[in-house]
Each structure stands twice: as C-alpha cells, then as structure tokens.
1. Which condition breaks for residue 266 when tested against (1) in a loop (DSSP other than H, G, I, E, B); (2) touching a Ser or Thr at 6+ places or on another chain (Cβ under 6 Å); (3) farther than 19 Å from residue 147 by Cβ?
2. Filter the range 236-263 for residues that are without any contact (Cβ under 8 Å) to a residue 24 or more places away in the chain and outside any loop (DSSP other than H, G, I, E, B); which is surrounded by the fewest Cβ atoms within 10 Å (Cβ to Cβ)?
3. If you check 279, 233, 299, which single one turns out to be part of a loop (DSSP other than H, G, I, E, B) and among the aliphatic types (A, V, I, L, M)?
4. Give me the residue from the range 154-178 that is assigned to a strand (DSSP E or B) and within 27 Å of residue 132 (Cα to Cα) and, out of that set, most open to solvent (accessible area, probe 1.4 Å).
5. Considering 189, 174, 162, which residue is under 20 Å from residue 272 (Cβ atoms) and within 21 Å of the chain's Cα centre (by Cα)?
6. Say we look at the range 14-33 and pick out the residues that are under 26 Å from the mean Cα position of the chain (by Cα) and open to solvent by 50 Å² or more (accessible area, probe 1.4 Å); which of these is modelled with the lowest pLDDT?
7. Of the residues 52, 10, 36, only one is open to solvent by 20 Å² or more (accessible area, probe 1.4 Å), at pLDDT 95 or above and over 24 Å from residue 298 (Cβ atoms); which?
8. Confirm whether residue 233 is in contact with a helix residue (DSSP H, G or I) (Cβ under 7 Å, 6 or more places away or on another chain), more than 24 Å from residue 146 (Cβ to Cβ), touching a residue at least 12 places away in the same chain (Cβ under 8 Å) and of a type in the set (A, V, I, L, M, F, W, C).
Amino acid sequence: MSARYLLPYAPDAIGGLPVGLDALVWDGDGPVPPDAELREVEFFCLPYMRHAAALPLIGRLPSLKVVQTLTAGMDDVLPHVPDGVVACNARGLHDASTAELAVTLVLASLRGVPHFTRLQDRGRWQQEFHESLADKTVLILGYGSIGRALAARLEPFECEVVRVARRARPDEGVHGTEELTALLPSADVVVLLTPLTPESRHLVDAGFLARMKDGALLVNVARGPVVDTRALLAELTAQRLRAALDVTDPEPLPADHPLWHAPGVLITPHVGGPSSAFLPRAKRTLRRQVLRFENGEPLAPGH
C-alpha cells in the first residue's frame, strides 16, 4: 500500500497531525520501503544526519512534490532534487544549538580550555593568563537567523558585534560583504555562518586570512569548503592565526590530516545541530510543514 508522506518519525510521535495521516516512516537506518509503497509519496522528509542513505531514494519517488530537510544547509541535497520539486530547508531549527556551539568554541579557544584539558590529562595544575571575550570585536559573516541568535548570546559578554551579510541592511546595522576588506583587520574573532554556494566556496582564502589581524581567531560553524584549508593551514602553522572548526574540508577529517595537529586549532566533528534542542524543534518544523502541505498552503521558505 502506497502513502503520501515519507517521514523520519511516526505521525503520533510528531503530534498535532491529522489522525490516520497517510505516511510511511523511515529513519534512514532500517530497510528502505519497497518501490510499490513509494510510488505515491509526494512529501519526503530526509532523516537528519542520514542524507547519504536518503538522497538515492529521491529518484525512486515518481509522485514527489516536496523534499524537506531538517538541516539549514542544502548544498548536498539540491543537486539531487528534480526540476519541479520544491526543496525546503529547516531555517531556524538549529539557531539555538549552533549559536551555543559557536559561543562555546569562541570561549574555549580564547580562555585556553583545550590547553587546560591536556594539562588535566597529565595531572598538572598550571595557572596562566588567557584572553577574555570582553572588549573583543566579533565579526559574524553570514548574518541570518543563526547569526541573530549568536549576536544575542554574545552581547552580554561585553564585546562588540559586527554583522556582515551578502547584502548590506543599514536599518539592521548589517554590512555588506563588499566591506570585508575594511572590516577584517579590526576583528579579533571572525565567525563564519554563510551557506555554501558557488560564490562562498573558498571565500576565506589566503587573501581573506591575510587581512585578519595577528592572533585573530577564525570560527567555522558554516560549511568546511567555505575555507581554503591549505591557506588556513599555512596561517596556523606560522602561528599567526588561530581557528575553532566545527566543519572541515575534507569532512570527515581523515585521521592523518595535518589540521588535527596544527597549532592553535580546536576541532569538533560537525556537531552544531545535534543537541537536546534538536528533536522538539525538528518535530515542530515538520508538523508545520506537513499541515501546510495537507491544507494546500504555501510551505515555509526553502533554501
């Protein structure tokens, strides 16, 4: 028996959906439903962190109208979406979790937490001075919904926040990317939140990094290829810049990659989204989209 929806969670687990919603449930781990059950699927929500398994399934859905992700970025999904099919991301779902991680990476790097953790492993009590976030200038590149969430969390730390987006929004105090040349030299911390597009790939290249001030911290919670890894390695090796990276290029980062052991780098394995904040927000996002689709209403904006 075919169904109209292919979802990663059962409708009753999502809550607030019509009783008896015509849905198949596939979480990306178990067996894929047979083609006979997929032929009438119109709405496919990709399981979170299971895109590699889910993307080949798109071509097996002849009635498909909507591809919904539970991610903010869709760079890996869009090439697989057929013409005429609407692609929707989960804008806003990861704002809190990703903003929290960005603040964590900034504070941990400035206050020397990785260094103190290594000392703890050796049983050494060694008091030292490290940098405070207070009085620093933090530049957020890619000022969208996550950027707003990050700025709200940074402001109590008594730092100056500089907001940069692709286009200037003077009424919001947001600079355009054409101003980066002038803004970068005064930034103590640069946080990357820009989506990965052909224009943003290797946006942070040797020239970009060279304009950053000595000792500045680069934080990437966007996508790995936004940064030219070779150029970043050169700056890290020279110990002119520091970095805190939740995403890398390549990803996953191979065990023998020099980035692991570069001076002044803190790496987390792309965990900006997966936290206790994810599931309730994911269900709310999915509930809203399914109800809109059921009622023939416009879906929330996509990519």
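The values are calculated or read from the model by the stated rules, or taken from the named source; none is laboratory data. Bear in mind that the values here come from a model prediction, so they are computed numbers and not experimental data. Cβ placement follows ideal geometry from the backbone for every residue including glycine, while neighbour counts extend to all protein chains displayed. Keep in mind that these areas ignore ligands, DNA and RNA; they rest on the heavy atoms of the full protein, side chains included. Shrake-Rupley method; radii C 1.70, N 1.55, O 1.52, S 1.80 Å.
1. Looking at each condition in turn, residue 266 falls short on (1).
2. 261
3. Just a single option satisfies the conditions, and that option is 299.
4. Per the criteria, the residue is 160.
5. 189 is the lone residue from the list that is under 20 Å from residue 272 (Cβ atoms) and within 21 Å of the chain's Cα centre (by Cα).
6. If we take residues in the range 14-33 being under 26 Å from the mean Cα position of the chain (by Cα) and open to solvent by 50 Å² or more (accessible area, probe 1.4 Å), then 29 is modelled with the lowest pLDDT.
7. Within the list 52, 10, 36, the selection yields 10.
8. For residue 233, the condition - in contact with a helix residue (DSSP H, G or I) (Cβ under 7 Å, 6 or more places away or on another chain), more than 24 Å from residue 146 (Cβ to Cβ), touching a residue at least 12 places away in the same chain (Cβ under 8 Å) and of a type in the set (A, V, I, L, M, F, W, C) - is met.
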